[in-house]
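Following: one structure in structure tokens, then a few remarks.
The values are calculated or read from the model by the stated rules, or taken from the named source; none is laboratory data. Since the structure is predicted, the reported quantities are computational estimates derived from the model, not experimental observations. Counting neighbours? That spans all protein chains shown, and the Cβs are built from the backbone with ideal geometry, glycine included. When the accessible area is computed, the model is the full protein with side chains, heavy atoms only, and any ligands, DNA or RNA have been set aside. Shrake-Rupley method; radii C 1.70, N 1.55, O 1.52, S 1.80 Å.
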Amino acid sequence: LNALDARLKRVERSARLSHAAIDNTAVVVKDGAGGLKGIIGVQADGTTAVNIVNGAAPPQPSAPIVASVLGGITVSWDGLFADGSVLPLDWARVEVHAAIVNGFTPVAATLQGTIETAQGATVVVPCDTPVYVRLVARNTSGTASTPSDQVGPFGPTPVVADDILDGIV
């Protein structure tokens with residue numbers, strides 16, 4: 001009886017899930033209001049993963065850094081956020097949007113490329129006329145941030161300088 005009592009006390013003091021397993025199922029994570037926040041384990045498509053859903057919008061990215069190049073522009077993101085926020089754990093990417101219209105709203109038609117690394121990167125945007133640029137951060141749930149401040153217009157570097165063209169005639 002003493003041996004069983006000692007064993008029971010050891011079991012009661014041990015971590016609750018130290019020997020647990022998730023066998024061919026998933027653990028659903030919900031918030032205080034009962035809304036789905038994540039799924040750990042087997043997903044609907046049969047894969048196994050930690051899937052975060054319904055996450056809050058990421059912070060607004062810092063303004064893009066734009067430079068003219070032959071045939072277009074380069075758009076860089078420095079990996080920072082406008083309000084000094086830290087990178088959220090469910091961050092997925094930053095989208096690069098460009099349009100010829102001043103004050104444009106980023107939509108699927110203005111998407112030019114994505115930056116998939118939190119350290120920042122540069123995307124080349126082909127264009128033949130000046131464009132305005134904005135960045136949008138997305139999390140793993142697909143929720144978009146507030147668009148960055150707009151910069152521009154920036155256009156491609158001319159192949160031949162204007163002062164040379166003027167001297168030809």
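Against the chain, whose longest principal axis is taken from its Cα atoms, helix 2-13 shows a tilt of about 20°.
Accessible surface area normalised per residue over the chain is 64 Å², counting heavy atoms of protein chains with a 1.4 Å rolling probe. Helical content of the chain, expressed as a calculated mean residue ellipticity at 222 nm, amounts to -3000 deg cm²/dmol (DSSP H runs of 4 or more residues, -39,500 (n - 2.57) each, divided by residue number, nearest 500). Protein heavy-atom surface of the chain, 1.4 angstrom probe: 58% of the accessible area is carbon and sulfur, with nucleic acids and ligands not counted. Each Lys and Arg Cβ is given +1 and each Asp and Glu Cβ -1; about its Cα centre, the chain then shows a dipole of about 1240 debye. For the listed peptides 53-65, 36-48, a ranking on the average number of other beta carbons within 10 Å per residue, highest first, reads 53-65, 36-48.
Distant-in-sequence amide contacts of Lys37, defined by a placed amide H-H separation under 5 Å and a gap of 5 or more residues or a different chain, comprise Val29, Lys30, Asp31. Can you work out the FRET efficiency for the pair Ser68 and Ala118, with r the C-beta to C-beta distance and R0 = 41 Å, to the nearest 0.05? Plugging the Cβ-Cβ distance into 1/(1 + (r/R0)^6) gives 0.95. Calculated on the alpha-carbon coordinates, the convex hull of the chain measures out at 180 cubic angstrom per residue. The modelled label-to-label distance between Ser85 and Leu1, using points 7 Å beyond Cα along the C-beta direction, is 6.2 nm. Which FRET efficiency, nearest 0.05, do Ser76 and Arg10 yield, Cβ-Cβ r, R0 41 Å? With R0 = 41 Å, the Cβ-Cβ based efficiency is 0.10.
Positive-end ranking of Gly41, Leu8, Ile22 along the dipole of the range 1-43, with charges on Cβ about the Cα centre, is headed by Leu8. Distant-in-sequence amide contacts of Gly155, defined by a placed amide H-H separation under 5 Å and a gap of 5 or more residues or a different chain, comprise Val131. Less than 5 angstrom separates the built amide H of Ala26 from those of Val42, all sequence-distant by 5 or more or on a different chain.
Applied to the range 25-32, the Karplus parametrisation 6.51 cos²θ - 1.76 cosθ + 1.60 on θ = phi - 60° returns per-residue 3J(HN,Hα) values of 8, 9, 9, 9, 9, 10, 7, x Hz, with x for Gly and Pro. In this rough spin-label picture, where each label sits 7 Å from Cα along the Cβ direction, the Thr25-Thr48 distance is 1.6 nm.
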